[in-house]
Amino acid sequence: DPHNTEPGAGPVRVGYMGQVTHHKGTDLLIEAWRCIESDQPRELHVYGGSDEHFGKHLRQLAGDDGTIFFHGRFPHNQREEILQTLNLCVVPSTWYENRPFAIAEALDMGVPVITARLGGMEEMVRDGLDGLHFAPGNAQDLANKIEMCLDDPALLNRLTTGARNHHSSTVDEEAQQLLAI
């Protein structure tokens, strides 16, 4: 069970899924990952396509870090399958996202999310309940939040339980909420 975060259960698998671009914060995530000082076994899996120039930039940032895996583009219908392999999802966008599918899909699959305290991302993830917020654009703060989850299996288990109990509003429910306002 990849969601087993007990010590000795294998590496904590952290993932990013989406466009691999600067404004989506993918480089920020790699930078943060390189700052982590935890001794816990861990892997970072980056899913999504990028242009050649940015892809090269990310590989340079990753250097010889053998815990970072770039998987490239993936078919949309594999999202659930990929999410089932992750313990934690990171949505590190540096710009105002409205309602990122990446967050909704991760939470719907019971995967906690670390995201920037910005726009719709902040509204979708309940800090300390089904994920954590970090200061937008701050690689060190993002590293600290990932490290908290690596070093405190009880925290990661709590967030996972919160994500499993998460309920995404349907379009109809949101329409009713808007009408009520």
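The values are calculated or read from the model by the stated rules, or taken from the named source; none is laboratory data. Note that the structure is a prediction, hence the values are computed from the model and not measured. Positions of Cβ are generated from backbone atoms using ideal geometry, with glycine treated the same way; all protein chains shown enter the neighbour counts. Areas reflect the complete protein model, heavy atoms only, side chains present, ligands, DNA and RNA absent. Shrake-Rupley method; radii C 1.70, N 1.55, O 1.52, S 1.80 Å.
Counting just the residues of the stretch 76-97 that are assigned to a loop (DSSP other than H, G, I, E, B) and farther than 17 Å from His22 by Cα, which one comes out most open to solvent (accessible area, probe 1.4 Å)?
First, the residues of the stretch 76-97 that are assigned to a loop (DSSP other than H, G, I, E, B): 84-87, 92-97.
Then drop every residue that is not farther than 17 Å from His22 by Cα, which leaves 84-87.
Numbers: Gln84: 98, Thr85: 46, Leu86: 0, Asn87: 5 Å².
Step by step, filter the stretch 76-97, then rank; the result is Gln84.
Looking only at the stretch 35-64, count every residue that is more than 23 Å from Asp130 (Cβ to Cβ) and in contact (Cβ under 8 Å) with a residue 60 or more places away in the chain and tell me the total.
Result for the stretch 35-64: 2.
May I ask you to list the residues in the stretch 98-108 that are outside any helix (DSSP H, G or I) and open to solvent by 50 Å² or more (accessible area, probe 1.4 Å)?
Those that are outside any helix (DSSP H, G or I) and open to solvent by 50 Å² or more (accessible area, probe 1.4 Å): Asn98, Arg99.
Of everything in the stretch 118-158, what is closer than 16 Å to Val14 by Cβ and part of a loop (DSSP other than H, G, I, E, B)? Give them in sequence order.
If the condition is that a residue be closer than 16 Å to Val14 by Cβ and part of a loop (DSSP other than H, G, I, E, B), then Val125, Asp130, Asp152 are the ones that fit.
For residues that are in contact with a helix residue (DSSP H, G or I) (Cβ under 6 Å, 6 or more places away or on another chain) and not small (Gly, Ala, Ser), scanning just the stretch 109-120, find the one that is most open to solvent (accessible area, probe 1.4 Å).
Taking the stretch 109-120 first, the residues in contact with a helix residue (DSSP H, G or I) (Cβ under 6 Å, 6 or more places away or on another chain) are 109-115.
Still in the running and not small (Gly, Ala, Ser): 109, 111-115.
Working: Met109: 51, Val111: 0, Pro112: 0, Val113: 0, Ile114: 1, Thr115: 0 Å².
This residue is Met109.
Any idea which of (1) aliphatic (A, V, I, L, M); (2) open to solvent by 40 Å² or more (accessible area, probe 1.4 Å); (3) assigned to a helix (DSSP H, G or I) is the one Leu29 doesn't satisfy?
For Leu29, the exception is condition (2).
If you check every pair at least six apart or on different chains, which have Cβ atoms under 6 Å apart with a residue in the stretch 65-84 that is β-branched (Val, Ile, Thr) first and a residue that is outside any strand (DSSP E or B) second?
If the second residue must be outside any strand (DSSP E or B), the pairs left are Ile68/Ala62.
Identify, by number, the condition in (1) open to solvent by 70 Å² or more (accessible area, probe 1.4 Å); (2) within 28 Å of Ser50 (Cβ to Cβ); (3) in contact (Cβ under 8 Å) with a residue 12 or more places away in the chain that Ala163 doesn't meet.
(1)
Return yes or no: is Gly137 touching a strand residue (DSSP E or B) at 6+ places or on another chain (Cβ under 8 Å), surrounded by fewer than 17 Cβ atoms within 10 Å (Cβ to Cβ) and not charged (D, E, K, R)?
yes
Each row is one residue, and each column tells you yes or no for (1) of a type in the set (A, V, I, L, M); (2) in contact with a Ser or Thr (Cβ under 7 Å, 6 or more places away or on another chain).
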{"residue": "Pro11", "(1), (2)": "no, no"}
{"residue": "His22", "(1), (2)": "no, no"}
{"residue": "Ile36", "(1), (2)": "yes, no"}
{"residue": "Arg42", "(1), (2)": "no, yes"}
{"residue": "Leu88", "(1), (2)": "yes, no"}
{"residue": "Trp95", "(1), (2)": "no, no"}
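Can you name the condition, by its number, that Arg34 falls short on among (1) over 21 Å from Asn138 (Cβ atoms); (2) among the basic types (Lys, Arg); (3) out of contact with any Pro (no Cβ under 7 Å at 6 or more places or on another chain)?
So the condition that Arg34 fails would be (1).
Which residues, counting only those in the stretch 46-75, are assigned to a loop (DSSP other than H, G, I, E, B), more than 17 Å from the chain's Cα centre (by Cα) and buried (at least 16 other Cβ atoms within 10 Å of the Cβ)?
If the condition is that a residue be assigned to a loop (DSSP other than H, G, I, E, B), more than 17 Å from the chain's Cα centre (by Cα) and buried (at least 16 other Cβ atoms within 10 Å of the Cβ), then Ser50 is the only one that fits.
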